[in-house]
Amino acid sequence: MGSSIWRLLISGPADPYYNMALDEALMFCYPDTGFPTLRFYEWQGMAVSIGYFQPKKLIEEQTHLTVPYRIVRRPTGGGAVIHDNDITFSLIFPCHLLIGSIINSYFQINDAIITAMQKKAPLSLLDSHYRSSSRHKTPQFCFEEPSKYDILWNDEKVGGSAQRRKNGIVLHQASFYYQKCISKSQITPHSPVESFRPVFRNLIQDGIARLFDVSFSEIGLTDHEKSMADTLFNTRYSSSSWNDKR
């Protein structure tokens, strides 16, 4: 595993349905590409991603946004996430690279991210810790209440994750509310809050690189991945049968 090259994708803003389609396509195509991948992406417009098992109607009733938004069902579980100014990323890799349960992999990934951030004061999560919880029921909205091994800042949840595993491959999807970790004194006309996004993105990347003992190289999508993403977008993620299925 040491000295391996993993793929880095910085996708930029994309349609909410396509974001989920591409994540699943990367997982589906992994046996052909052999590329463990870290992907950072953003959202075109306001979006809410809901967990695979969540009822869409209930989330619509409980979402109180004053701007138009779209709901997309994720291939992973967990609670609903409002995507506005968060850093969203996915990680695709073989299961055997992290030994243990899914919840243990949350610990390992989030611990690596926190460790990277703690070394970069004053932009570090110096007060971050893990909430050990006996709660088994997932809240409807992911960031309403911390659960075990979430990332916290001043006891407020700022990082959450969900996973899907199939055929020995992990799709790890995560969201990080970086703006909650920046003090008002750090924000200036020359350093607006948005300017901190690449700083935190790089710290997340550094943490994951150290965890797996790898380096990253920006490698584009294969034709197979593009085709699969388009197919999943058209037949699944943009369809009401998928998003309204529960």
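The values are calculated or read from the model by the stated rules, or taken from the named source; none is laboratory data. All values derive from a computational prediction rather than experimental measurement. Every residue, glycine as well, gets a Cβ built from its backbone with ideal geometry; the counts of neighbours run over all protein chains shown. Ligands, DNA and RNA are excluded from the accessible area calculation, which covers all protein heavy atoms including side chains. Shrake-Rupley method; radii C 1.70, N 1.55, O 1.52, S 1.80 Å.
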*asked:* Of the conditions (1) in a loop (DSSP other than H, G, I, E, B); (2) buried (at least 21 other Cβ atoms within 10 Å of the Cβ), TYR52 satisfies every one except a single condition; which number is it?
replied: (2)
*Please report, ordered by residue number, the strands (runs of 3 or more DSSP E) entirely within segment 147-246 with at least 3 residues that are free of Cβ contacts under 8 Å to residues at least 60 places away in the same chain.*
151-153, 156-166
*For THR188, work out the one condition from (1) open to solvent by 40 Å² or more (accessible area, probe 1.4 Å); (2) at pLDDT below 95; (3) polar (S, T, N, Q); (4) closer than 20 Å to ILE114 by Cα it doesn't fulfil.*
(4)
*Would you pick out the residues in segment 213-244 that are over 17 Å from PRO16 (Cα atoms) and out of contact with any Ser or Thr (no Cβ under 8 Å at 6 or more places or on another chain)?*
PHE216, SER217, GLU218, ILE219, GLY220, LEU221, ASP223, SER227
*Find the residue count for segment 71-102, including only residues that are under 18 Å from GLY12 (Cα atoms), surrounded by fewer than 17 Cβ atoms within 10 Å (Cβ to Cβ) and either among the aromatic types (Phe, Trp, Tyr) or touching a strand residue (DSSP E or B) at 6+ places or on another chain (Cβ under 9 Å) (or both).*
1
*Matching residues in segment 61-110 - criterion: being farther than 18 Å from LEU26 by Cα, touching a residue at least 60 places away in the same chain (Cβ under 8 Å) and either aromatic (Phe, Trp, Tyr) or part of a helix (DSSP H, G or I) (or both)*: GLN62, ILE102, SER105, GLN108, ILE109
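Restricting to segment 198-246, and then to whatever is acidic (Asp, Glu) and out of contact with any helix residue (DSSP H, G or I) (no Cβ under 6 Å at 6 or more places or on another chain), can you tell me which residue is surrounded by the most Cβ atoms within 10 Å (Cβ to Cβ)?
ASP230
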_Failed criterion for LYS57 (all others in (1) in a strand (DSSP E or B); (2) out of contact with any strand residue (DSSP E or B) (no Cβ under 9 Å at 6 or more places or on another chain) hold)_ = (1)
